[in-house]
Every structure is written in structure tokens, then in C-alpha cells.
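The values are calculated or read from the model by the stated rules, or taken from the named source; none is laboratory data. The model shown is predicted, which means the values in this text are computed figures rather than measured ones. Counting neighbours? That spans all protein chains shown, and the Cβs are built from the backbone with ideal geometry, glycine included.
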Amino acid sequence: MSKHIQQIKPVLTSILLASVAVVPMASLAAVEVTPKSAPNAAVLTGSTFTPPDPSTIPNDEFGKMVQLGRNIMFESKKYAPQYVGNSLNCVNCHTDGGAMAGSAPLWGAWVSYPAYRSKNKKVNTYEDRLQGCFRYSMNGKMPPLGSDVLVALSAYSYWLAKGLPTGDTKIAGRGYPDFPAPKQAPDFVRGQAVYEANCAICHAANGEGRVVNGTVVFPPLWGAQSFNWGAGMGSIKNAAKFIFANMPYGQSYSLTPQQAWDVAYFMDGHERPQDPRWEGSVAATRAKYHDNKNSLYGTKVNGVLLGDTGAPKPFNE
Amino acid sequence: MFQFRSLSSSRSLFWPACGVILTATSGAVWAAPPPEAASCAACHGAQGEGMAAAHYPRLAGMPADYLAEQLHLFASGQRQNAIMSGMAKPLSAEQIKTLADYYSGLPVTMAAPAQTVPADLKPRGEQLAVYGDWKAGIPACFRCHGPGGVGVAPAFPALTGQSATYLDQQITAWKNGTRSGDPQGLMHTIALRMSDADTKAVTAWLAAQKPEAAVMGKTNQAGGAQ
């Protein structure tokens, strides 16, 4: 068990910290990324932006909205209960409450909207984009435009992005960093082995995470309390990128790219709540929204036709 | 002083009632200690509550798998401690399991912490425990050790109800290489990123928090919340 750590110790500070400066994002795909643990997801993104420290949130009306936005990121169900339908919190996929480069930071998003999105084939404002997170990632209900929840998240994002130029939609650190395509097609069985060795200690063998005294400690990766089939994390590619940069927790970039692809396939090869854009049948929903190689929805994995769970369950507050 | 009841074969049946009675008459002990535990009480207390003044850790209510693993690590030398390796080496795997299950099943009965956090350490200590410092690669302690640091079975020990010195010594031991063998190097990785000042601040803060009233191992369950 300690084999892993022996490798990390000597190389960690020297090589990885040095690479912050020398590995720009564009060249990453060409570099053979060897497994070792980096301090955080920002390391391989080339990001140089530092968002302001939370202790500097102003103590006034604006600051109150910023703080509410931050609270929603960390404790979504507590601060936006009417819109959250599962046991996830935004921070689960946006490390450090949306402040961390390489973990889809809110500051990287803030300066990139309004933008055209192929997901709904129109130009989306930032609030439109936030609505999608509630509908899919949180398996909930979209907060109305102009509602306190969206105003608070916008205020927090704006505050985090202080000093960044707007319109640079490719700012370093935005989204999850690109990384090498898999050498072998992602595989369920190999993914399961990666999962058992690296993830199950926290997310549990059945993928449902762990709850202590009513609080979710390790969030569910699949099942009724996780993100639904319409969520970004349901794309194997997004999931692989997120996992490579952010998981196992505290050990960024410690998996090989192949391991990240395999375990993403394994995770996204499990059942989860129905896509709210349900077209009446799995086949029709796949044809309209999932007809690409990064979605396993509507395909048979490990003997199960994924998504074959009927119409979406109505959301109750 | 204490009530001893032999429930060894049907202990689990009594758990639902246990929490209730506990709060009413704190100090009740449920299972008779196995004979192996006789030599442990001198340091870890009659109820596994530890001895904060001497920096002997509490064992009560810790995840059983975690306790068993530590005894194996003391025996193998991956976790180095003169006292405990001497205690652990003679134990058979079966005795280790008996002891781990016994201490894990004991309620957490420590008195309110005697220590308070020095004002200069408080903000940094609390920040690390609740939010971490991601710039330095330190995730929040509570993200892995559970809300309020109550521990998460099977692998994550509780951090409350221990002396600051004990907690500090453990992080320092990982940094010095005298403690290893933790699962996936999860804690070792983080300890290596903690400065001495961070270690001091967070352990002082943790030691001043109230130990939980509930036995975490029994309240933990898999599956989504609510």
C-alpha cells in the first residue's frame, strides 16, 4: 500500500511544481503523463489566475449575495432546497466551491458567457447555463431567471472572476483539462478494477457513497441520488477529464489517462435517474440527445439496457 | 463504578436502545471486555476513552477495520511505536479482530475537551478542518474524516476526542516516514503537504472540539442522504 507514496515523495515537489510553469495546456496531449500525485487540479492547466480569498467578501448587501452564492456551492440542498433533487452539492464537481482551476471554476465560466451551446441550440446567458446544472447535475428543478438563487450564484461567480478579461473563452484553467485520448477503447471490466483499487474506499463498492449522521461525506457516483442522464458528468469524456484532474480526492493526476477513461466508463455504465428530456422511449431519447460515443445511455452495458427506467420521476420539493 | 453486561453474542440487538440510555446515564459499558483488553486499559482507559494527558489515543467508537489495521501495522513495523509494537506483536489475527470489534463498539464518553484553541491558531485551524487549503493541496479534514471529524467507517478514524499532541505526532510521523501503510497513501500524501505551523494550528483546533455523542460506526450507512 505504501508503494504508491514512495514514488510520490521524491518527485512531487521537484517535477510537478516545476511543471506548473513549463507545461502549457496545449502541449499536454503530447506529453506522456506518468502517474504521480499533484497538489491540485490546477497544476497541469497552466492557469496563473488567483481568485480573491473568501475572507475578503465585502460586508455589505452585495457581499451578502456573494456569500449566499458560495453557500449554495457548498451546501446546495440547504441553501437552494426547492431546486435540488439529489444528495449532491455543486462543490462535489467544482472543487473549492468553484474556485479551483481544472475543476470547471466559476470564474472561467463567468467570463465566457453569453455563448452558443449545441446542447440546447441557442445563445445561453450565464443564468441559462446555471439553470442546466440544477436540472441535470442536481436532478432538480430550474430556478427561475432572476431568482435569488441564480442572482447569488452569478454574484459569486462575478466576484471570483475579479480582474479577468471577459470574452477569453479559452482561459487557462477553464473546464477540466484536456488530456490524451485512450490508447485502448475504455473498458468496463478494467474500469471496475480501477474503481475497486482507487475509489471504493470512499464512494463505496455500490457507488452510492457514504453518509454519516445524515450528512453526505462521499457523494454517490450513480444510483437514485446522483446526477441524471442529462448531466455533463454522464459523458465519459467529461467524467474522465474530471477524474484524471481531481480524483482520487487529494491525489490529482495520480491515475494514468487510460485508468481515468476506464473508470469513467465503468461509472457512466451504471443506472441513474432518467434524462428529463425523455422522448417517450430509450431509443428515441438516445437518438435525439445521446447519439455519440461518449454516452452509454440507451446502450447495453454489462447486460443492462441503460436508461430503460421509464419516464422521469416528478420532482417533489 | 461501571455496569458490565455480557452481551457478546447478541450485542447488535441492543444497539438501537443504546444511544438513548447512554445520554441518560453516560458511563454504561455494554460488552464485558475480552480478556485481551485487560492489558490495554492502563493506557487507553477502562472505556477506551484514552488518556489525553499522556497522549494515549481514544479507541472507543473508532471504525473496527481501522483499529485492526493499525494493530497489524504496529506489528509489521510500518507504524513505528515502541510501546504499541510490543503490545501488538504477540496478538493473533483473531485477537486483533476481537479487540478492534470491542473498542469500536464502545460509546464515545469523553468529557468536554479541556483544551481551548489559542487565538492565533484558531482561524487557520478552522479553515483547514472545514475548507482545507487547496492551493497547498490540503483538502478539508472533514471531507474525509466526516462532519465534525466523527470518522467514516471503514477507513477514516475520528479526529475529535484526541489530544492535540497525539494528532500532531501522527502527522509528524507520516512526514518523518515512521508511519506508513495508510490506504492508497491518502493521509500520507496530505501530511507531506502540511507545514509544521499548519499541523499545529489544525491539531489544536481539532482537540478543542466536542467529541461526538454518537458511536459513528453504527450510524454510518451507505446510500444517498434524505
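Summary table below
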| quantity | calculated |
| --- | --- |
| Residue within the range A:163-171 that is among the basic types (Lys, Arg) and modelled with pLDDT of 95 or more present | no |
| Scope the range A:219-264; condition under 22 Å from residue A:291 (Cβ atoms) and of a type in the set (A, V, I, L, M); matching residues | A:231, A:233, A:236, A:239, A:240, A:264 |
| Residue A:9 at pLDDT below 95 and either more than 14 Å from every other protein chain (Cβ to nearest Cβ) or surrounded by 14 or more Cβ atoms within 10 Å (Cβ to Cβ) (or both) | yes |
| From B:31, B:88, B:38, residue being more than 21 Å from residue B:161 (Cα to Cα), modelled with pLDDT under 95 and either buried (at least 16 other Cβ atoms within 10 Å of the Cβ) or touching a Cys at 6+ places or on another chain (Cβ under 7 Å) (or both) | B:31 |
| In the range A:234-243, the residues that are of a type in the set (A, V, I, L, M) and either farther than 23 Å from residue A:39 by Cβ or within 12 Å of another protein chain (Cβ to nearest Cβ) (or both) | A:236 |
| Members of the range B:118-130 found to be under 23 Å from residue A:202 (Cα atoms) and crowded, with 19+ Cβ neighbours inside 10 Å, listed by number | B:127, B:128, B:129 |
| Elements of type helices (runs of 4 or more DSSP H) in the range B:110-215, at least 1 residues being basic (Lys, Arg) and touching a helix residue (DSSP H, G or I) at 6+ places or on another chain (Cβ under 6 Å) | B:122-130, B:164-176 |
| Among the candidates A:185, A:193, A:204, residue that is hydrophobic (A, V, I, L, M, F, W, C) and within 14 Å of another protein chain (Cβ to nearest Cβ) | A:204 |
| Helices (runs of 4 or more DSSP H) wholly inside the range A:47-105 that include at least 3 residues being of a type outside the set (Lys, Arg), away from chain B (no Cβ under 13 Å) and more than 11 Å from residue A:160 (Cα to Cα) | A:61-74 |
| Residue that is assigned by TED's automatic domain parsing to the domain that holds residue A:294 and either in contact (Cβ under 8 Å) with a residue 12 or more places away in the chain or aliphatic (A, V, I, L, M) (or both), where the choices are A:133, A:202 | A:202 |
| So residue A:168, is it under 17 Å from the mean Cα position of the chain (by Cα) and surrounded by fewer than 17 Cβ atoms within 10 Å (Cβ to Cβ) | no |
| Among residues of the range B:61-80, those that are without any contact (Cβ under 8 Å) to a residue 60 or more places away in the chain and either assigned by TED's automatic domain parsing to the domain that holds residue B:210 or assigned to a loop (DSSP other than H, G, I, E, B) (or both), counted | 1 |
| Matching residues, the range A:194-229, being surrounded by fewer than 23 Cβ atoms within 10 Å (Cβ to Cβ), more than 19 Å from the chain's Cα centre (by Cα) and under 22 Å from residue A:83 (Cβ atoms) | A:214, A:215 |
| Leading residue by the ranking (modelled with the lowest pLDDT) among those in the range B:44-60 that are surrounded by 16 or more Cβ atoms within 10 Å (Cβ to Cβ) and assigned to a helix (DSSP H, G or I) | B:52 |
| Some residue of the range B:94-110 being of a type in the set (A, V, I, L, M, F, W, C) and surrounded by fewer than 19 Cβ atoms within 10 Å (Cβ to Cβ) | no |
| Residue A:271 being charged (D, E, K, R), in contact with a Lys or Arg (Cβ under 8 Å, 6 or more places away or on another chain) and not assigned by TED's automatic domain parsing to the domain that holds residue A:140 | no |
| Residue in the range A:131-139 that is touching an Asp or Glu at 6+ places or on another chain (Cβ under 9 Å), buried (at least 16 other Cβ atoms within 10 Å of the Cβ), away from chain B (no Cβ under 14 Å) and not charged (D, E, K, R) present | yes |
| Selection status of residue B:129, modelled with pLDDT of 95 or more and closer than 28 Å to residue A:53 by Cα | yes |
| Residue among A:120, A:139 that is in a loop (DSSP other than H, G, I, E, B), touching a Pro at 6+ places or on another chain (Cβ under 7 Å) and not assigned by TED's automatic domain parsing to the domain that holds residue A:225 | A:139 |
| Checking residue A:252 against (1) at pLDDT below 95; (2) within 25 Å of residue A:98 (Cβ to Cβ), the condition it does not meet | (1) |
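Conditions (1) more than 13 Å from every other protein chain (Cβ to nearest Cβ); (2) under 19 Å from residue B:81 (Cβ atoms); (3) at pLDDT below 95, marked per residue:
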| position | (1), (2), (3) |
| --- | --- |
| B:140 | no, no, no |
| B:161 | yes, no, yes |
| B:167 | yes, yes, no |
| B:174 | no, yes, no |
| B:178 | no, yes, no |
| B:188 | no, yes, no |
| B:202 | yes, no, no |
| B:218 | no, no, yes |
| B:225 | no, no, yes |
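Conditions tested, residue by residue: (1) hydroxyl-bearing (Ser, Thr, Tyr); (2) in contact with a helix residue (DSSP H, G or I) (Cβ under 9 Å, 6 or more places away or on another chain); (3) more than 14 Å from chain B (Cβ to nearest Cβ); (4) closer than 27 Å to residue B:141 by Cα.
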position	(1), (2), (3), (4)
A:216	no, yes, no, yes
A:223	no, no, no, yes
A:232	no, yes, yes, no
A:245	no, yes, no, yes
A:264	no, yes, yes, yes
A:274	no, yes, yes, no
A:284	no, no, yes, no
A:290	no, yes, yes, no
